Amino acid sequence: MDIANYFEQIPQMPALMARDVLDQKSVGAYNLVDVRQPAEYEKGHLPGARLIPLAELASRLGEIDPRRPTIVYCRSGNRSRSAVGILLDAGFKDVFSMGGGISAWNGLMAGGPPDAGMAYFSSNEKTDTLIALAWALEEGSRRFYAGLAGSMLDVEGRALFSELTSAEERHKASLLALYHGSGGSGTIEPLFPGGAAGDVMEGGIRVSEALGWTAGRDAADILDLSIALESNAYDLYIKMERTVKDDHSKRVFSVLAEEEKRHLDRMTSLIEKKA
């Protein structure tokens, strides 16, 4: 199984190009959406930007005109990519994530975040294949959070990522039991070539690349990426719940989606405090 096949690229627009587009168009000709938290927005935002925090976006789609081009931004480009995935799923067409976020807009971003895509799979995908995919991504997330827990200087951050590491272990156990119950046999790792079951997480991002990007960055940048990952995981489980046919699998994916949503809410609260 090639995990890369389950992720589609997110349309992006470099910050310099976004600046040109916004300079050339009147405010009413486009949607400019800031998906950060209110405290971040209040400290500085792009003129004309509408604040819709990422965790609220799916329930506030009616505030965005789908007929207009839409540019979405956040702190460094992580949350905005997740937001674009949500908009694309909702039927928006002309929508872009601003690469590097407001940090790049202000000339502060030295290197963009790791490339990430939105989850995609056929409605005919086998249940055991989806379970195996979810398990592999949970293992990647576990390794990522374990790496952060060992490197964060902030006590609150270490505690959060240690808890998330344990949560991913629980998710893996639930998924493995579900995999065996759906007809899968043996362990899941051999289904993935090149060790991808351990080095790929949500968005199709390689764990090693993500940890490399976080090295030396402040807690807000790290939370920015982690919030995007949790949003992607929440979206993934919702899609899987809709795709599978049996009630037991639907319940498991629903429970996992709700837990990812709680993680997302906790991270957004933390980044709000650090803004």
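The values are calculated or read from the model by the stated rules, or taken from the named source; none is laboratory data. From a predicted model like this one, the values you see are computed outputs, not experimental measurements. All Cβ positions, glycine included, derive from the backbone under ideal geometry; neighbour counts span all protein chains shown.
Determine which single condition Glu8 fails, assuming it passes every other condition in (1) in contact with a strand residue (DSSP E or B) (Cβ under 6 Å, 6 or more places away or on another chain); (2) at pLDDT 95 or above; (3) surrounded by fewer than 16 Cβ atoms within 10 Å (Cβ to Cβ).
(2)
Restricting to the range 95-115, what's the tally of residues that are over 13 Å from Val33 (Cβ atoms) and out of contact with any Asp or Glu (no Cβ under 6 Å at 6 or more places or on another chain)?
Total satisfying the criteria: 14.
State yes or no: is Ala104 under 20 Å from Leu223 (Cα atoms) and in contact with a helix residue (DSSP H, G or I) (Cβ under 7 Å, 6 or more places away or on another chain)?
Judged against the criteria, Ala104 is a match.
I'd like the full set of residues that are assigned to a helix (DSSP H, G or I), in contact (Cβ under 8 Å) with a residue 40 or more places away in the chain and not hydrophobic (A, V, I, L, M, F, W, C), limited to the range 43-65.
Filtering the range 43-65 down to residues assigned to a helix (DSSP H, G or I) leaves 43, 54-59, 61-63.
Within this subset, residues satisfying the condition of being in contact (Cβ under 8 Å) with a residue 40 or more places away in the chain are 43, 54-55.
Passing the criteria: only Lys43.
Quick check on the range 203-242: of everything there that is in contact with a strand residue (DSSP E or B) (Cβ under 8 Å, 6 or more places away or on another chain) and not polar (S, T, N, Q), which residue is surrounded by the fewest Cβ atoms within 10 Å (Cβ to Cβ)?
Taking the candidates together, the pick is Arg206.
Name the pairs: first residue in the range 146-164 and within 14 Å of Asp221 (Cα to Cα), second residue surrounded by 15 or more Cβ atoms within 10 Å (Cβ to Cβ) and not aliphatic (A, V, I, L, M), Cβ to Cβ under 6 Å, at least 6 apart or on different chains?
Short answer, once both residue conditions are applied: Leu148/Phe161; Met152/Arg158.
For residues that are closer than 17 Å to Ser103 by Cα and surrounded by fewer than 12 Cβ atoms within 10 Å (Cβ to Cβ), scanning just the range 21-55, find the one that is modelled with the lowest pLDDT.
Checked the range 21-55; the qualifying residue modelled with the lowest pLDDT is Pro47.
Any residue that is at pLDDT below 95, surrounded by fewer than 17 Cβ atoms within 10 Å (Cβ to Cβ), farther than 25 Å from Arg242 by Cα and touching a Gly at 6+ places or on another chain (Cβ under 7 Å) - is there at least one of those in the range 67-79?
no
Do we have Ile222 as touching a helix residue (DSSP H, G or I) at 6+ places or on another chain (Cβ under 9 Å), among the hydrophobic types (A, V, I, L, M, F, W, C) and within 21 Å of Ser103 (Cα to Cα) here? I'd like the intermediate steps shown before the answer.
Details: touching a helix residue (DSSP H, G or I) at 6+ places or on another chain (Cβ under 9 Å): yes; among the hydrophobic types (A, V, I, L, M, F, W, C): yes; within 21 Å of Ser103 (Cα to Cα): yes.
Spelling it out, Ile222 is indeed touching a helix residue (DSSP H, G or I) at 6+ places or on another chain (Cβ under 9 Å), among the hydrophobic types (A, V, I, L, M, F, W, C) and within 21 Å of Ser103 (Cα to Cα).
Hey, any hits in the range 6-14 for a residue that's free of Cβ contacts under 8 Å to residues at least 60 places away in the same chain and either within 29 Å of Gly204 (Cα to Cα) or not assigned by TED's automatic domain parsing to the domain that holds Lys261 (or both)? If you could, list the steps in order and put the result at the bottom.
Let us first name the residues in the range 6-14 that are free of Cβ contacts under 8 Å to residues at least 60 places away in the same chain, namely none.
No, the conditions are met nowhere in the range 6-14.
Only one of these is in contact with a Phe, Trp or Tyr (Cβ under 8 Å, 6 or more places away or on another chain) and small (Gly, Ala, Ser): Gly198, Gly183, Gly212, Gly204. Name it. Show your work before the answer.
On the way: Gly198 fails: in contact with a Phe, Trp or Tyr (Cβ under 8 Å, 6 or more places away or on another chain); Gly183 fails: in contact with a Phe, Trp or Tyr (Cβ under 8 Å, 6 or more places away or on another chain); Gly212 fails: in contact with a Phe, Trp or Tyr (Cβ under 8 Å, 6 or more places away or on another chain).
The match here is Gly204.
What is the residue count in the range 88-111 for residues that are closer than 20 Å to Lys239 by Cβ, surrounded by fewer than 24 Cβ atoms within 10 Å (Cβ to Cβ) and not small (Gly, Ala, Ser)?
Looking only at the range 88-111, we keep the residues that are closer than 20 Å to Lys239 by Cβ, and these are 88-93, 95, 97.
From what is left, the residues that are surrounded by fewer than 24 Cβ atoms within 10 Å (Cβ to Cβ) are 88-93.
Pick out the ones that are also not small (Gly, Ala, Ser) and you get 88-89, 92-93.
Going through the range 88-111 one residue at a time, the tally reaches 4.
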